[in-house]
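The values are calculated or read from the model by the stated rules, or taken from the named source; none is laboratory data. These numbers come from a predicted model, not from an experiment. Here the Cβ positions follow ideal geometry from the backbone for every residue, glycine too, while neighbour counts run over all protein chains shown. Accessible surface is based on the protein model in full, side chains and every heavy atom, while ligands, DNA and RNA are left aside. Shrake-Rupley method; radii C 1.70, N 1.55, O 1.52, S 1.80 Å.
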Amino acid sequence: MNDLIQNDTGAPENVSRRLLLKSAAGAGLLLAVTHSGNLFAQAATPAEAVEAVKYGGDSMPGGLVDNPLVFLSIGADGVVSVICHRSEMGQGVRTSIPMVVADELEADFKRVRVIQALGNEARYGNQNTDGSRSLRHSMDPLRRVGACGRMMLEAAAAAQWKVAPAEVQARNHELVHIPSGRKIGFGAVALAAAKLPIPGRETLKMKQPSQFRYIGKSDVALIDGVDIVRGRATYGTDVRLEGMVYAVVARAAVVGGKVRSFDSAAALKVPGVLRVIEIKSTPLPAGFNPLGGVAVVARNTWSAIKGREALVIEWDDGPNGGYDSVEYRKTLEAAARKPAKALRDEGKTMDVLAAAKKRVTAEYYLPHLAHATMEPPVATARIHDGLCEVWTSVQAPQAAVEIVAKHLGIKPEQVKVNVTLLGGGFGRKSKPDFAAEAALLSKAMGGKPVKVQWTREDDLQHDYYHAVSVQHFDSALDDAGKPTAWLHRSAAPTIRSTFVAGAKGLGAGEMGHTAINIPFQIPNIRIETPEVEAQTRIGWFRSVYNIPHAFGVQSFVAELAFAAKRDPKDYLLELIGPARRIDPRTLGDNTNYSESPERYPIDTGRMRGVIELAAKGARWGRKLPKGHGIGIAMAYSFMSYVAIAIEVAVDAKGAIRVVGVDTAIDCGPQVNPERIRSQLEGAVIMGMTLAMHGEISFKKGRAEQSNFHDHVLLRQSEAPHEIRVHLAPANYSVSPGGVGEPGLPPVAPALCNAIFAATGKRIRQLPIAQQLVPL
């Protein structure tokens, strides 16, 4: 498949990957961040190297210890090509990554091309597009790559002119001899530059933020934008190969179920149906492996779907056939009301609660949530010449390589995964079970290219769901209304249950999502996690456990403020306390999103700043019309700080109207502000969808929702009349924070707090829509 790149007019065009790399390597400069010993791949000091290994390698100031990430090449024609090692799913990473390189390189962005990396961990390092870390982990290494290329080009031009390198400066895709004004293009010296030694890291001359041409600017066009709006972009669903056939799979309705027997006679009579093939089930816990079932292969997707409808299958529901989400909620509630394992325990919380004159208790419930990406899972596989080639919209291409190789019984080097654009991901497409299905069916079809297409029903009923949860809170208040004790129990199935048999209770990393790491100034704090079993597949979801934890924490803070007869914003700020930098380990958080606590302390000054910024945008404190209310909430996640203020109007019949949303973020450095705003706007809409309507319920082990008629997304009439995004001033003196996920967690609590402010009705369970009419 060809790769999309940008031509001189800003519109994408196609280019052969082989041709591009061949011309780049043979006719110009080729730079790589590798582990081969150059200073782009080494930590600055041995101590940094130790920290880098401990906290994830490529996130450390020393760069990539053992993860090659980005290739930069410059052809003889001056075209700069940057390989994008992360997946594009609307966050703009295929634009932001070349922006960073081009800025330090002093390249003309109109002459920069982007090429999507194959799934290849050995070459590109970690390619998982998750955890809001694409730019967080890559910004500094990308800048060094660009600076290195610039200095090598300058040195090559200086050698050609026989002048001192200090007299040559790269400016907008040209090398300029400052004393004489002579100029030469990048392409003219690229081959000579490639033969020069790579500059030592200590010699790199990095730009000051005031010199940035692209970083931090909003006027850079989205590289794939033109193709997307014209319908020319290639998503997983758009892949077409010669001789391709199409497949859908009938899967067990209950996780852990399997086929007892099936009759394919009627299915094979459907026009267009070619074969019916059983995919063996995987024993639980299944991880990324396909759950198994019966596949119908046909000449087109419609015939495959009709053939599937004609199958006669007898299923064995397995161990989860009795799963009932109503009853499971009772199990969670019972667990949340009993003492459990403490992951943070400061002071004498239980004693203080027992002796308190005034206590406030509350429980918050969130159901299972489905990813419901606009593009359901899809993958195409073809086996030829001992190689399995896959085309798919996947967030974790290296995981796809591994799972395909495992199921075909071949080496990872024999698997080639081409990453298309993703029509949404949200964590679902980090789990490439659908790629393995396509590979298995291609093998069964003699290597013929097979596209496995999930329908919306498949997507909603066979997801890796976000965990259902009950959050239990108990607090003691003194005479001034200040909390003297804080108890929080988070009862929810763990993601580890999808990979580890018998896993119960949330782990430290999951509890580090807005639970154990709250920086509140309360003398007695105890955070517990009861052990409960999962009865369906649980997986990563945009912002993960920050969603239930932020909903609980920020809703409960508002309840405490009401009990204390205080302004909710002022009360939240008082709990956070003065500006200070906190080592997360002192709060019991030893995971810190796998980041170095020295590099990423919790900064309560930045936390306070976004609260004030959102409140200012919403004009907090003004007199509101009758039936109106403003709620506020804040969450620190993925190394960024986000606060949201939401104004609602609720009429006499209980109908809610969202008047406006003010969302503020401090993510430190800003690469592409336009994409930051877009992701925060999207987070508001998604967050409101989840809060208003999001729910997957289970009866007899089966998901009860099947499509968008009963799994409702936010309608246009429900959308905020205005979303105002406020960016804290870019701060390049701190390490980058994430953007894709942090905007989501504060939405639900801000919305529920606003409803309470407008009506006096407290929302403690989601979805909200079921509780609005009547009030």
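Points to keep in mind about this one:
- If the condition is being of a type in the set (Asp, Glu) and touching a helix residue (DSSP H, G or I) at 6+ places or on another chain (Cβ under 8 Å), then the stretch 115-146 contributes GLU121, ASP130.
- For the stretch 708-724, residues that are open to solvent by less than 30 Å² (accessible area, probe 1.4 Å) and over 21 Å from GLN771 (Cβ atoms) total 0.
- Candidates ALA356, ALA396, ALA381, ALA400: the one that is in contact (Cβ under 8 Å) with a residue 12 or more places away in the chain and under 30 Å from ARG329 (Cβ atoms) is ALA356.
- The residues listed here are THR494, THR529; of these, the one that is among the β-branched types (Val, Ile, Thr), open to solvent by less than 10 Å² (accessible area, probe 1.4 Å) and either touching a Phe, Trp or Tyr at 6+ places or on another chain (Cβ under 8 Å) or touching a residue at least 60 places away in the same chain (Cβ under 8 Å) (or both) is THR529.
- Hey, VAL168 in the same structural domain as VAL79 (by TED's automatic domain parsing), open to solvent by less than 40 Å² (accessible area, probe 1.4 Å) and under 17 Å from LEU105 (Cβ atoms) or not: yes
- Among residues of the stretch 332-353 being assigned to a strand (DSSP E or B) and of a type outside the set (Gly, Ala, Ser), the one that is nearest to THR529 (Cα to Cα) is LYS341.
- Qualifying residue in the stretch 504-518 (condition: touching a strand residue (DSSP E or B) at 6+ places or on another chain (Cβ under 6 Å), part of a helix (DSSP H, G or I), open to solvent by less than 10 Å² (accessible area, probe 1.4 Å) and of a type in the set (A, V, I, L, M, F, W, C)): yes
- Test: residue in the stretch 450-470 that is within 30 Å of LEU560 (Cβ to Cβ) and among the small types (Gly, Ala, Ser): yes
- Here GLU106 qualifies as touching a Lys or Arg at 6+ places or on another chain (Cβ under 7 Å), touching a residue at least 24 places away in the same chain (Cβ under 8 Å) and more than 29 Å from ASN418 (Cα to Cα).
- If you filter the stretch 480-491 down to residues that are aliphatic (A, V, I, L, M) and part of a strand (DSSP E or B), you find that the one that is surrounded by the fewest Cβ atoms within 10 Å (Cβ to Cβ) is LEU487.
- When the test is whether a residue is under 22 Å from SER543 (Cα atoms), part of a loop (DSSP other than H, G, I, E, B) and either assigned by TED's automatic domain parsing to the domain that holds SER469 or among the acidic types (Asp, Glu) (or both), GLY743 passes it.
- Within the stretch 719-760, considering residues that are of a type in the set (Val, Ile, Thr) and under 24 Å from the mean Cα position of the chain (by Cα), the one nearest to LYS653 (Cα to Cα): VAL747
- Against the test of being open to solvent by less than 30 Å² (accessible area, probe 1.4 Å) and farther than 25 Å from PRO432 by Cβ, the options ARG113, ARG94 yield a single qualifying residue, ARG113.
- Matching residues in the stretch 749-765 - criterion: being open to solvent by less than 10 Å² (accessible area, probe 1.4 Å) and either aliphatic (A, V, I, L, M) or touching an Asp or Glu at 6+ places or on another chain (Cβ under 8 Å) (or both): ALA750, LEU751, ALA754, ILE755, ILE763
- On inspection, LEU343 fails the criterion of being touching a helix residue (DSSP H, G or I) at 6+ places or on another chain (Cβ under 6 Å), open to solvent by 10 Å² or more (accessible area, probe 1.4 Å) and under 29 Å from THR420 (Cα atoms).
- Screening MET374 on (1) open to solvent by less than 40 Å² (accessible area, probe 1.4 Å); (2) closer than 30 Å to VAL404 by Cα; (3) in a loop (DSSP other than H, G, I, E, B) shows it passes everything except condition (1).
- Scanning the stretch 288-328 for residues that are open to solvent by less than 60 Å² (accessible area, probe 1.4 Å), farther than 25 Å from LEU241 by Cα and out of contact with any Asp or Glu (no Cβ under 9 Å at 6 or more places or on another chain) yields ALA310, ASP316, ASP317, GLY318, ASN320, GLY321, TYR323, ASP324, TYR328.
Here is a yes/no grid of residues against (1) outside any loop (DSSP other than H, G, I, E, B); (2) modelled with pLDDT of 95 or more:
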| residue | (1), (2) |
| --- | --- |
| VAL50 | yes, no |
| ASP58 | no, no |
| PRO61 | no, no |
| SER81 | yes, no |
| MET89 | no, yes |
| ARG94 | yes, yes |
| ALA102 | yes, yes |
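- Restricting VAL312, VAL249 to residues that are farther than 18 Å from VAL452 by Cβ and touching a Phe, Trp or Tyr at 6+ places or on another chain (Cβ under 9 Å) narrows the list to VAL312.
- Qualifying residue in the stretch 689-707 (condition: among the aromatic types (Phe, Trp, Tyr) and either open to solvent by less than 20 Å² (accessible area, probe 1.4 Å) or assigned to a loop (DSSP other than H, G, I, E, B) (or both)): yes
- Number of the exception - ILE215 against (1) among the aliphatic types (A, V, I, L, M); (2) within 30 Å of GLU154 (Cβ to Cβ); (3) open to solvent by 60 Å² or more (accessible area, probe 1.4 Å): (3)
- The stretch 377-391, subset open to solvent by 10 Å² or more (accessible area, probe 1.4 Å) and either assigned to a loop (DSSP other than H, G, I, E, B) or at pLDDT below 95 (or both), residue farthest from ALA439 (Cα to Cα): ASP385
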